[in-house]
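Dropping a structure here in structure tokens format, bear with me for questions.
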Amino acid sequence: MSAHPARTPVPEPEHLPVREEAEALGDIPAATTTTAPAPDAPVEVRDAWWRAHIYRADREPQLTVRAVLVGGAIGVLSCAASLYSCLKLGWVFGLGLTICMVSFVVFNGLRALSRGRLRALGLLENAAMSSVATVAGSTTGNTVVGAFGGLMLLNGAMVPWYHLAPMVFFAALMGTLIAIPLKRSIINEQQLRFPSSIAAAETLRSLYSSGVEATRRATVLLTAMGAAALLSVCRNLEMMADNFKGIGRPQGWLASLSNVLTPPGEFPLGGVLNPLSWHGIQGRVMGVSLEPGVLFVGAGMIMGLRVALSMLAGSLLLCFVIAPWLILQDQAHALDPNWIKTMKQVTVDGHLVWNPVSNWGIWCGTSIMVMSSLTVVALQWRTLGRAFSGVFARGGKSAQRDVIADVEPPIRWLVIGIVPVGLGVILTLWLAFNLSPWLGLFAVILSFAIGFICARSCGEADMNPIGAMGKVTQLLYAGLAPGQGGINLLSAGVTSSAGGACGDLLSDMKCGYLLGQSPRQQFLGQVIGIGLGTCIVVPLWYLLVPDLKTLETYNPPTATMWKTVAVLLTAPKRMLADSAIIGMVCGSFLGIALPLLEKFLPKWRPYLPSAIGFGLAFVLPNSFQNAFAFAFGAILMWVWSKYRAASADRFAVPLASGLIAGEATAMALCSIFGTALLMLHDAGLI
């Protein structure tokens, strides 16, 4: 360390030494005044350092016309793939990292064809284009398939496009506005991790980096990406063979290759590791297994030990303690017609598999996340008050101290925008779907809470739990509008769409924070993406689902689940199990207690579980399987940092980013391949 740090010039962000770059990410404390401030430094000091040494949007183009046009073009393809995947499989795969790399390759190829006449796509342009394409492709699709698909199954009729389009647009735009007051608190002040955002930033840096040290880090990232992608492709060989077989064109060579290279999808824990064996119960609990994937391992390396271990503790409690007890209760009341089973059971390869999440864990887990997030909001009332106190401030002492005010989306944008957007939501719900204005107003207010929960979940655990949050709204509206399944579905669609958009924007802003993007331009890019996405997803929905019969042929898991919950909660007789209600009460108590303990006993914080991580364990479809992978990655990172701190500082983030990007990209491309194959066959082209 230099004895005179003030004489050492601070390099540009793209050439930061390894230690300084790690400090900029908040991974290690600052050592001198020339490097990034410590993570516990005042937020004003960290903001000033970021503006001086990381921010680069004043020197490089970001939200250019060509970035928007290319992002929209890629958004059309990604939207079609996501919408079809959600219809057929019940989930939407992430495309952010894939789009970053595809655009980089495409633009370099076009530049080579133009013999250098086409200007290369800049780092910030690539990030902005990826954001537009991702928002256009996925933010609106899950809501359309879930809420409106469920409504179609419930009522047996299509929703007119002039009702669907404004609902999709206003709900997503409302979530974008909600993200404005959360950005500086969650990203600048609390420095939440957003593992996938860090992976995206690291991947983009590697694509555009130069120098010996940067080359080494890029080599680690690309090697990890290649290995993870190869493993993912091997895991999907059987699915690709089934795709060809499903359209009547079986490929024998692909099936043979699949038999040799495809690893088992999971490794169930048997014997004494099977919690049901302790009680003499046949079968196993869903998710009590290990899988050969590395995406969650990489995310766990970035996530941190506390959140990952909290998820593992929650999954152990759910799968090894609560699930066996619930199954025993089911069996004890098997002959009682008034007893409602707490868990669905399915048969996989002749074995009975119990799912503790479907009808029980989701209620307990969402209660933990909702109440903990609302408690955090209540504890931060002074911070939020200061943010809103200067809504229309145009100068003064406080404005002079805020060195990033001119690049952050101002709070007045929320105040000015929420009135017309909120009215748009309320009027659309009222005029198009006969939802009374006061119920529409409640949906708007509830969207703020749901948006905050989704944002914190993305930041702490890299998950955007829009499905689980939709269930919260469905439960509340079951009491406000009893027996009205349509209202139940539409209100949940509004809040889940808003929550998803809020989480998406803050994830993009975390990546932009690390790269030096302008948050204002990121906000505008999100708005453009929502507009493009609405124009894309609505006609695509009617092309893919022209009538009820076509929707039923897809056997859509997401739409069916939304409809089932609506019927369950709006039935004349309450259908929710007593044990689920008890779980909600216990989850609410725990969700309130944990943030209060963190606030008033700060020395205990490292030893207290993260409420978001603990609650997510009750919501994840394969709870133990996923939580174990997260925890394994976090423990691996902790051991590496403890015994090889220097190499961990240099290569841990690139390695984790490569694992995330490799598996996510390969999974997305394999899914797009299968989706395209089925779409071409359905259209009669092959």
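No value in this document is a laboratory result; all are computed from the given coordinates. In this text, all values refer to a predicted model and were calculated from it rather than measured experimentally. All Cβ positions, even for glycine, are placed from backbone atoms using ideal geometry, and neighbour counts span all protein chains on display.
May I ask for the distance between the Cα centers of region 246-313 and region 591-614, given as a whole number of Å?
30 Å
State the volume of the convex hull built on the alpha-carbon positions of the chain, expressed per residue in Å³ and rounded to an integer.
So the per-residue Cα hull volume is 177 Å³.
Follow-up question, since we're still on this one. Using per-residue counts of other Cβ atoms within 10 Å, averaged over each peptide, order 419-425, 463-469 from highest down.
Top to bottom by mean Cβ count within 10 Å: 463-469, 419-425.
Still on this structure, please answer the following. So how tilted is helix 437-461 from the main axis of the chain? Cα-based, degrees 0 to 90, rounded to 10.
Helix 437-461 sits at roughly 60 degrees to that axis.
Same structure, new question: What does the charge add up to near residue 261, with Lys and Arg as +1, Asp and Glu as -1, over the other residues with Cβ less than 10 Å from its Cβ?
0
Then there is this: Distance between the C-alpha centers of region 436-477 and region 50-85? Whole Å please.
Cα centroid of region 436-477 versus Cα centroid of region 50-85: 26 Å apart.
Can you put 547, 649 in order, fewest other beta carbons within 10 Å first?
547, 649
Calculate, for residue 673 and residue 215, the FRET efficiency according to 1/(1 + (r/R0)^6) with r their C-beta to C-beta distance and R0 30 Å; round to the nearest 0.05.
With a Förster radius of 30 Å, E is 0.40.
While we're here: Could you order peptides 680-686, 131-137 by the average number of other Cβ atoms within 10 Å of their residues, highest first?
Averaged packing, sorted descending, gives the order 131-137, 680-686.
Note the full-extension length gain between residue 163 and residue 599 as 0.36 nm times their separation in residues minus their Cα-Cα distance, in nm to one decimal.
152.4 nm
Moving on to the next point. For the pair residue 436/residue 272, report the inter-label distance in nm, with labels modelled 7 Å from Cα in the Cβ direction.
Here the modelled spin labels are 6.0 nm apart.
Taking the chain as the reference, fit the longest principal axis to its C-alpha atoms, fit the long axis of helix 411-433 to the helix C-alpha atoms, and give the angle between the two in degrees, 0 to 90, nearest 10.
Tilt relative to the chain: about 20 degrees.
Here's a follow-up. So what's the convex hull volume per residue for the Cα atoms of region 550-649, in Å³?
Cα convex hull per residue, to the nearest whole number: 181 Å³.
Can you give me the angle between helix 252-261 and the longest principal axis of the chain, using Cα atoms only, in degrees from 0 to 90, rounded to the nearest 10?
Long axis of 252-261 versus the principal axis of the chain: about 70 degrees.
To continue, here is another question. Grab the chain and count how many Lys pairs have their alpha-carbon atoms under 26 Å apart, sequence gap of 8 or more, or different chains.
So the count works out to 22.
Right, something else. If you rank 628, 104, 244, 267 by fewest surrounding Cβ atoms within 10 Å, what's the result?
Placing the least packed residue first, the sequence is 267, 244, 104, 628.
Right, something else. Among the DSSP beta bridges whose two residues both lie in the chain, what percent are antiparallel, rounded to the nearest 5?
Bridges in the chain are about 80 percent antiparallel.
So, one more: If we count every other residue with Cβ under 14 angstrom of residue 662's Cβ, Lys/Arg +1 and Asp/Glu -1, where does the sum land?
So the environment of residue 662 carries a net charge of -1.
Arrange 53, 351 by Cβ neighbour counts within 10 Å, fewest through most, would you?
351, 53
Under the definition of Cα pairs under 8 Å and six or more residues apart, what whole-number percent is the relative contact order of the chain?
Taking the mean separation of contacting Cα pairs over the length of the chain, I get 31 percent.
In addition: Rounded to the nearest 500, what is the 222 nm mean residue ellipticity of the chain from helices alone, with -39500 (n - 2.57) per DSSP H run of 4+ residues and division by all residues?
Estimated from H runs of four or more residues: -22500 deg cm²/dmol.
OK, next. Could you estimate the translational diffusion coefficient of region 499-567 from the Stokes-Einstein equation, with Rh from the Kirkwood formula over C-alpha pairs, at 25 °C and 0.890 mPa s, in whole µm²/s?
166 µm²/s
Counting only C-alpha contacts under 8 Å and six or more residues apart, can you give the relative contact order of region 503-628 as a whole percent?
Averaging sequence separation for qualifying contacts and normalising by length gives 9 percent for region 503-628.
Taking 0.36 nm per residue of separation and subtracting the Cα-Cα distance, what length does fully extending residue 645 through residue 332 add?
Extra length from residue 645 to residue 332 when fully extended: 107.3 nm.
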